[in-house]
Amino acid sequence: MPKTVTEYRNNPVKMAELGAIRALEMAGLSKPYLKLREAKRLYGPGTVDRWIAEGLIHPIKDGENTSSVRIRRIEIEAVAKSSNRVSYYRSKAEGQ
């Protein structure tokens, strides 16, 4: 739940951006998945690994052994746009 006026003001913009991403996917103008490597390049390897460990994003492996790992674009965008500072500080306090 937003706690400041700025957060209230920014939420509709963030949701509109997610809607636009979804619409582009549905129109076939944007890829629905990112490779794990691409996600780590965009958001940082530590951040992506933490989001996976916290269960906020779910990597998908298509096969065994050497197959690539992918992440739904809308899922990682939603997590990136939401405030995840609480879970970050909680994990630091627990010594993870």
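Quick grid of which residues meet (1) under 13 Å from residue 75 (Cα atoms); (2) within 13 Å of the chain's Cα centre (by Cα); (3) surrounded by 13 or more Cβ atoms within 10 Å (Cβ to Cβ):
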{"residue": "15", "(1), (2), (3)": "yes, no, no"}
{"residue": "18", "(1), (2), (3)": "yes, yes, yes"}
{"residue": "23", "(1), (2), (3)": "no, no, no"}
{"residue": "33", "(1), (2), (3)": "yes, yes, yes"}
{"residue": "55", "(1), (2), (3)": "yes, yes, no"}
Anything in the range 47-70 that is assigned to a loop (DSSP other than H, G, I, E, B), within 18 Å of residue 82 (Cβ to Cβ) and touching a residue at least 12 places away in the same chain (Cβ under 8 Å)? List them, or say none. 54, 56, 57, 58
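Just so you know, all these numbers are worked out from the coordinates, no wet-lab data involved. Quick caveat, the model's predicted, so the values are computed rather than measured. Positions of Cβ are backbone-derived with ideal geometry, glycine not excepted, and every protein chain shown enters the neighbour counts.
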